[in-house]
Amino acid sequence: MELNKVLYMYAATVALLLCSSANFIQSPSDVLGSVALQDPTPSAAHDFGAVVSDAPVAVMQPGSPADIARLLSALSSAGPDRRPKAAVAARGAGHSLHGQAQARGGIVVETRALPRLVEVVRRGDGDGDGDGGAAYADVGAGALWVEVLEECLRAGLAPRSWTDYLYLTVGGTLSNGGISGQAFKHGPQISNVLQLEVVTGTGEVVTCSPTQSPELFFAVLGGLGQFGIITRARIPLQLAPPKVRWVRAFYDSFETFTKDQELLVSMPELVDYVEGFVVLNEQSLRSSSVAFPAQVDFSPDFASGAGSNKVHYYCIEFAVHEFQQQDSAADHVVDLVSGQLSYLRPHAYSVQVAYLDFLNRVRMEEESLRSRGLWDVPHPWLNLFVPRHGVARFKDLLMDTITQGDFEFEGPVLVYPLLANRWDGNTSAVVPAAPDGVMYVFSVLRSTDPARCGRACVEGILEQHRRLADEACRRLGAKQYLARQPSPAHWRDHFGASWDRFVARKARFDPSHVLGPGQGIFPWTDSATASSV
């Protein structure tokens, strides 16, 4: 397709939307400059991963779901060759890792521009079980989870399931999964949604739920932005505890560490949060303690051992909600639970913190990294779900990988269990087969210092992670999370038995393949348009 035809196509699309409340940051005249000069790079060509940068032709800031509907309706009206006029990616807080929210040669829709009103509805708690009754929050998909939390807390309520980092959009996490230490108890965030408003790939605005348009509802949850753009969500709420008792306990045995984690997740009536991490060295111990407001005097000998035989340490963290005015209730639970654990005595540390501060703990780690220039840097992360039977083997593969070579390591390695029965198989999210019902999250959350790790270094880390992920998926039945697979064939392997359902949902809700080009699942095939950018 010739460049002037491309520009005419976008001019016609923008003209169609002039009567709407949408704001296009780049007009067709701006497009010519960006195509010719490639400078400056639009913000929509950048994400948290900072390893992929694909510039869009235009950026849309919608004033309402109707604006998005007009855009998608116009673009999905394919011509005789059945190609969409352009591809569209929804971008929230820009926290994707591999360009998933980018649209090379297409249009990025910035969902943060949508109305972000958080409306809390509380219908009482007459049964006395403390669950908040039928309370829920209607939330704009462009709202950050921290904004949702702050508004809900004003009513003494809060969502049940979280991500570790709260500065992500509601629509963004619901399009992926949304996990944290509460997921063993309540399931991921995609298992904690009552209703959605979605603009499908054909431009239809649909309100959906498990009983109203259920196929679309379950398709978009964990659907990687392939079927529609979420514009609003209804999230169930529970009573929010004023405070949390937060505990960390250290281990020198991985087997004991995982055994105790599984014991903790078997006690959802007592424990409200369970995670854990690997203590690689003194630096990882210090950085992991930034948000933990208690003196930790754990001082292991990291110098012992060498290579793959080096002794590594592990830390379990769990939390108990405190609803009482006095500390005795949560303290009693912590004493009861801790007495059943086999951590290194006396290395267990407990602290009481406000609920908001606990949920927002990663913000302190962010501020620490920003102060050292390690936040706006490449993040070659690796996230995997590993079935329980392969956990010990994968841990060995991971330790061999991340401790070899000359790559600088900065960032935590999270390890904690999830329960498969908390994931709704109707959603589009993919988790591994777990015959015993338990799988583990392994998250290698690297931040690279550009002064010590340049582009070649980052590519080397990514290649390490690709090999490790391929090995884990092929031999252990693991599944990647938040990843962009390198080819459509890899995506088919990733989805496995649910691939045909995924394809059928695409054909129904986005038949012209307008949405989600950055994921690479259904590639944007208009090479002439793409190569012109």
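We did not get these values from a lab; they are worked out from the coordinates using the rules stated. Small disclaimer: the values here were computed from a predicted structure and weren't measured. Glycine also receives a Cβ, built like all others from the backbone with ideal geometry; neighbour counts cover every protein chain displayed.
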**Request:** Pull up all non-local amide H partners of residue 134: gap of 5 or more, or a different chain, and H-to-H distance under 5 Å with H placed in the peptide plane.
**Result:** 123, 124
**Complete:** With 0.36 nm assigned to each residue of separation and the Cα-Cα distance removed, residue 252 to residue 154 gains 31.1 nm
**Fill in**
The ³J(HN,Hα) series, computed from each phi in the range 431-444 with the Karplus coefficients 6.51, -1.76 and 1.60 at θ = phi - 60°, rounded to the nearest Hz and given as x for glycine or proline, is 10, x, 5, 10, x, 9, x, 10, 9, 10, 8, 10, 10, 9
**Complete:** XL table 85/479; 185/479; 185/395; 243/395; Cα-Cα > 31 Å flagged, in table order, is 85/479; 243/395
**Request:** With θ set to phi - 60°, apply the Karplus curve 6.51 cos²θ - 1.76 cosθ + 1.60 along the range 141-153 and write out the HN-Hα couplings as whole Hz, x wherever there is a Gly or Pro.
**Result:** 5, x, 6, 7, 4, 5, 5, 4, 4, 4, 5, 5, 4
**Message:** Taking 0.36 nm per residue of sequence separation and subtracting the Cα-Cα distance, how much length would be gained by fully extending the chain between residue 266 and residue 498, in nm to one decimal?
**Reply:** 80.6 nm
**Request:** Just grab the label-to-label distance for residue 286 and residue 474, each label 7 Å out from Cα along the Cβ direction, in nm (one decimal).
**Result:** 4.0
**Relative contact order [Cα under 8 Å, 6+ residues apart], the range 118-239, whole percent** = 30
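Compare the peptides 330-339, 426-435 by average per-residue count of other Cβ atoms within 10 angstrom and give them in order, highest first.
Details: 330-339: 15.8, 426-435: 18.8.
Sorting 330-339, 426-435 by mean packing, highest first, produces 426-435, 330-339.
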**Prompt:** What is the fewest-to-most order of 369, 237 by other Cβ atoms lying within 10 Å of their Cβ?
**Reply:** 369, 237
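Assuming 0.36 nm per residue, please report the length gained on full extension of the stretch residue 336 to residue 167 beyond their Cα-Cα distance. Present the calculation step by step, with values, prior to reporting the outcome.
Details: separation 169, 0.36 × 169 = 60.84 nm, distance 3.42 nm.
Using 0.36 nm per residue and subtracting the Cα-Cα distance, I get 57.4 nm.
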